[in-house]
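The values are calculated or read from the model by the stated rules, or taken from the named source; none is laboratory data. Because the structure is a prediction, the values reported are computed rather than measured. Using ideal geometry, Cβ is built from the backbone for each residue, glycine included, and neighbour counts are taken over all protein chains shown.
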């Protein structure tokens, strides 16, 4: 991994200014990935490699272009800048184009968000292989009904990003993450198979779940699906299990994108300050949590990170903005710019956090005479413009307050706006997985399509 | 369809020029890769230029260009893979990556690499026409035309967001069993999203197309036609009604509906899942797994198609692989490792997203052959059902066989007639079950326009799909109207 990223980024900015850019920022990344994958107690794949790339955004006469390269030699970087300046010529002048306002930049000391774990540096491939083996073995040992595995893996990455711009911003930070996962498979009647996976992913090794715990959870989830059947078409109250609430949060995060607002392609357009969701619904986008996967000291344009309330007691509060879309909509950036190498910045979520309620998941089910415990969603059936939601699903039937049998090959549908309003209970079982933290929740009704 | 173009495959000179490697360097790196007893090694060099231009509100908003290049080295021992990659292509960096990948093996017995010999491949697309270095003005002109056509289509079209995306990828593959092959892969895609606004009612629809082609693509698929299609779908949604909930007969329109095959059966026939017995179709070769009306093919050799390849990413020739013939499972889509495990030959389906990724069995262009029914008769035969035309995507659970796809243009069929358009809705079925419920297949086979990308295990590759008008006697429709 390279250590000189910030000076590379600054050099790119200087070069672009010299060659005629009015405004410029440079984004440089370097990373190392190592992974060990096993299946049926044998090593299946080891990957060990490093990677790096540089990207520049130039704005000349209010025209924007972005170029990137993996070749970090001085000659190649100059070529990249020249190419960007030439490419900017084809864009129309856009009065909203440009870097963030200087006062929004994170020019002071950066918060230490504990995104880097030194322990990961010394982890060997053999140690990772052993973790994966332990994880898979625990899945098999959990229950003899686990007859196959799609493999277990441990993967770690170390990375550094650096960002510099022509307003004097320049900062860099390292980060790590580590992941353990396994997929367990069982044989069901009629030659069918039932499967499920579990994983743990964290910035630091010591925060990972024990590999055995990951294995047991995957196995328990797969075994519980044995005997799954379809349901009749009906309308039911639905308890969303905590892991699948993350999918709902992701959709809300997407709908709250200031870019979709600008495109008038989100069902949340025009609803700021309105009571959209249930009074039980409070969601924030929080980039400042220590040690979380979505945390960032500054955003993809160097703007100070801040916690953005999306919903408070059901009232939709704010869209997430980068500086371009904010200017377009006569707002101010919220420090939510995501950055990739090959595109201009655009709003992205950091960590999505749903405030928990008081009840246990069992209590959420206890009041239900006939309902569905939703555990898995499939597919892309969401229309962000209208909020229409229609996705494949798996879960469990709830009868007289108890979870009874597994359900598969059904579809759940509704409209996101109505769905958010129909939340009538939020659990106390917050689960952090990746960049979101959410408990279970209950919706008073959803359409279930089946037989 | 191997009669394409006068262009010859790029040779050894091209590989030297693009990557700075020759046979001697490759041999030395392969030697390092096998230094710890690996049985097989391969080097995959990739150089990719990619560009995009974004056009919205009647102006070019931004343009991008990116260069990626690197080499991935894979070492095999049995079914175990050691993998490493590098963006630095000097001999030291290449050998270091090879040394890393070599560590998968620890045997005293050594298999030295065979000297590589370059071989020519047929050409199913021509790199000369690539759009990547076409002056941007020509691309912008297409977007201006599309924007105008979208707004002319209907006064409710309030926005047209257009995107021209292209790439030119050079690959060179060296294998320890003596192969040296290369390919130049152009790819272009034109995307348009239209917003229709009537008072407070907003609807968006997306459309697009492309292929392994140059600007010639737009002679047959004009930007006007692509734009009008997106605009038509957005306007249509303004009058859409709630979709029904429950199980109904489903008629799939010819073309993009091939996404059903891709999800319902295509993934399940990828040999890695069958080697590991995690697929529904494991151990079922020779069995009836679909209606006898179904003959399903994966064909990487269709001229200029988005899913086509002159060579797969392990250096094997693509094929026209009949996976299901008259309902009977004939075989799987193989890569090198799986073919070894099955004791069969690779089928040219070993693909990868980039040099940072290990290859695995992937589809190319997957389609069902035409049958004998009149498409109109198929629709007439349905008293209450759904007619599906356009889609936003699909997904499958390989192990339990459940698959979904999402309709963006669909209609009710009532008493044998196509009637009201329905809102965006998801359909769910179980692969082995749904394929046995194919009860009519039209004679109007159509391949999709080039807009599909397939994701598997975190890797994306371009694919094609195709199908004639097809009737599935029952699938679960995820609407909100419980009639």
- Item | So residue B:450, is it on the phi > 0 side of the Ramachandran plot and in contact (Cβ under 8 Å) with a residue 12 or more places away in the chain | no
- Item | Residues of segment A:54-80 satisfying the condition of being more than 9 Å from chain B (Cβ to nearest Cβ), under 15 Å from residue A:11 (Cα atoms) and part of a strand (DSSP E or B) | A:54, A:56, A:58
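Which of the residues belonging to segment B:356-374 are assigned to a loop (DSSP other than H, G, I, E, B) and within 14 Å of chain A (Cβ to nearest Cβ)? Break it down into steps so the answer makes sense when it comes.
Here is the first cut: in segment B:356-374, the residues assigned to a loop (DSSP other than H, G, I, E, B) are B:356-359, B:362-364, B:369-372, B:374.
Within segment B:356-374, B:356, B:357, B:358, B:359 meet the criteria.
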- Would you mind stating whether residue B:422 is modelled with pLDDT of 95 or more and within 11 Å of chain A (Cβ to nearest Cβ)? yes
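Yes or no, residue by residue, for (1) surrounded by fewer than 23 Cβ atoms within 10 Å (Cβ to Cβ); (2) in contact with a helix residue (DSSP H, G or I) (Cβ under 6 Å, 6 or more places away or on another chain); (3) within 14 Å of chain A (Cβ to nearest Cβ); (4) modelled with pLDDT of 95 or more:
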position: B:136; (1), (2), (3), (4): yes, no, yes, no
position: B:140; (1), (2), (3), (4): yes, no, yes, yes
position: B:158; (1), (2), (3), (4): yes, no, yes, yes
position: B:161; (1), (2), (3), (4): yes, no, yes, yes
position: B:174; (1), (2), (3), (4): no, yes, no, yes
position: B:182; (1), (2), (3), (4): no, yes, no, no
position: B:196; (1), (2), (3), (4): no, yes, yes, yes
- Screening B:433, B:377 for residues that are out of contact with any strand residue (DSSP E or B) (no Cβ under 7 Å at 6 or more places or on another chain), more than 24 Å from residue B:233 (Cα to Cα) and either assigned to a loop (DSSP other than H, G, I, E, B) or modelled with pLDDT of 95 or more (or both) leaves only B:377
- Would a scan of segment A:28-43 turn up a residue that is in a strand (DSSP E or B), more than 10 Å from chain B (Cβ to nearest Cβ) and more than 30 Å from residue A:132 (Cβ to Cβ)? yes
- Evaluate the following for residue B:66: is it farther than 30 Å from residue A:44 by Cα, modelled with pLDDT of 95 or more, surrounded by 19 or more Cβ atoms within 10 Å (Cβ to Cβ) and not assigned by TED's automatic domain parsing to the domain that holds residue B:317? yes
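State whether one or more residues within segment B:273-288 are touching a helix residue (DSSP H, G or I) at 6+ places or on another chain (Cβ under 7 Å), more than 14 Å from every other protein chain (Cβ to nearest Cβ) and buried (at least 23 other Cβ atoms within 10 Å of the Cβ). Please lay out each step first, then the result.
In the first step, residues of segment B:273-288 are kept if they are touching a helix residue (DSSP H, G or I) at 6+ places or on another chain (Cβ under 7 Å); the result is B:275, B:279-282.
Next cut, more than 14 Å from every other protein chain (Cβ to nearest Cβ) only: none.
No, there is no match, as no residue in segment B:273-288 is touching a helix residue (DSSP H, G or I) at 6+ places or on another chain (Cβ under 7 Å), more than 14 Å from every other protein chain (Cβ to nearest Cβ) and buried (at least 23 other Cβ atoms within 10 Å of the Cβ).
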- Note on the structure: Those residues of segment A:369-395 that are more than 8 Å from chain B (Cβ to nearest Cβ), surrounded by fewer than 23 Cβ atoms within 10 Å (Cβ to Cβ) and out of contact with any helix residue (DSSP H, G or I) (no Cβ under 7 Å at 6 or more places or on another chain) come to a total of 2
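Taking the options A:102, A:203, A:134, name whichever one is more than 14 Å from every other protein chain (Cβ to nearest Cβ) and closer than 23 Å to residue A:294 by Cβ. Before you say what the answer is, go through the steps one by one.
Values: A:102 fails: closer than 23 Å to residue A:294 by Cβ; A:134 fails: closer than 23 Å to residue A:294 by Cβ.
Just a single option satisfies the conditions, and that option is A:203.
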- Query: Hey, does segment A:51-70 have a residue that's touching a residue at least 40 places away in the same chain (Cβ under 8 Å), within 22 Å of residue A:156 (Cα to Cα), in the same structural domain as residue A:134 (by TED's automatic domain parsing) and surrounded by fewer than 23 Cβ atoms within 10 Å (Cβ to Cβ)?
  - Reply: yes
- Query: In this structure, does residue B:444 turn out to be within 17 Å of residue B:260 (Cβ to Cβ) and within 14 Å of chain A (Cβ to nearest Cβ)?
  - Reply: no
- Message: Can you go through B:245, B:231 and tell me which one is part of a helix (DSSP H, G or I), touching a strand residue (DSSP E or B) at 6+ places or on another chain (Cβ under 6 Å) and farther than 30 Å from residue B:337 by Cα?
- Response: B:231
- Task: Quick one: count up the residues across segment B:403-439 that are more than 20 Å from the chain's Cα centre (by Cα) and over 19 Å from residue B:329 (Cα atoms).
- Result: 21
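Could you say which residue among B:33, B:24, B:59 is at negative phi and modelled with pLDDT of 95 or more? Let's see the steps before the verdict.
Details: B:24 fails: modelled with pLDDT of 95 or more; B:59 fails: modelled with pLDDT of 95 or more.
Of the residues listed, the single one that is at negative phi and modelled with pLDDT of 95 or more is B:33.
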- Note on the structure: Counting only residues in segment B:73-109 that are within 8 Å of another protein chain (Cβ to nearest Cβ) and in a strand (DSSP E or B), the one farthest from residue B:30 (Cα to Cα) is identified as B:80
- Assess whether residue A:115 counts as being outside the structural domain of residue A:328 (by TED's automatic domain parsing) and either under 30 Å from residue A:40 (Cβ atoms) or part of a loop (DSSP other than H, G, I, E, B) (or both). yes
- Task: Mind listing whichever residues of segment A:426-438 are touching a helix residue (DSSP H, G or I) at 6+ places or on another chain (Cβ under 8 Å), on the phi < 0 side of the Ramachandran plot and surrounded by fewer than 23 Cβ atoms within 10 Å (Cβ to Cβ)?
- Result: A:429, A:430, A:431, A:433
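Considering B:188, B:251, which residue is touching a helix residue (DSSP H, G or I) at 6+ places or on another chain (Cβ under 8 Å), within 30 Å of residue B:480 (Cβ to Cβ) and crowded, with 21+ Cβ neighbours inside 10 Å? Walk me through it before giving the result.
On the way: B:188 fails: within 30 Å of residue B:480 (Cβ to Cβ).
Sole residue among the options that is touching a helix residue (DSSP H, G or I) at 6+ places or on another chain (Cβ under 8 Å), within 30 Å of residue B:480 (Cβ to Cβ) and crowded, with 21+ Cβ neighbours inside 10 Å: B:251.
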- What tally of residues in segment A:166-199 results from selecting those that are free of Cβ contacts under 8 Å to residues at least 60 places away in the same chain, in contact with a helix residue (DSSP H, G or I) (Cβ under 8 Å, 6 or more places away or on another chain) and either under 29 Å from residue A:5 (Cβ atoms) or not in a strand (DSSP E or B) (or both)? 1
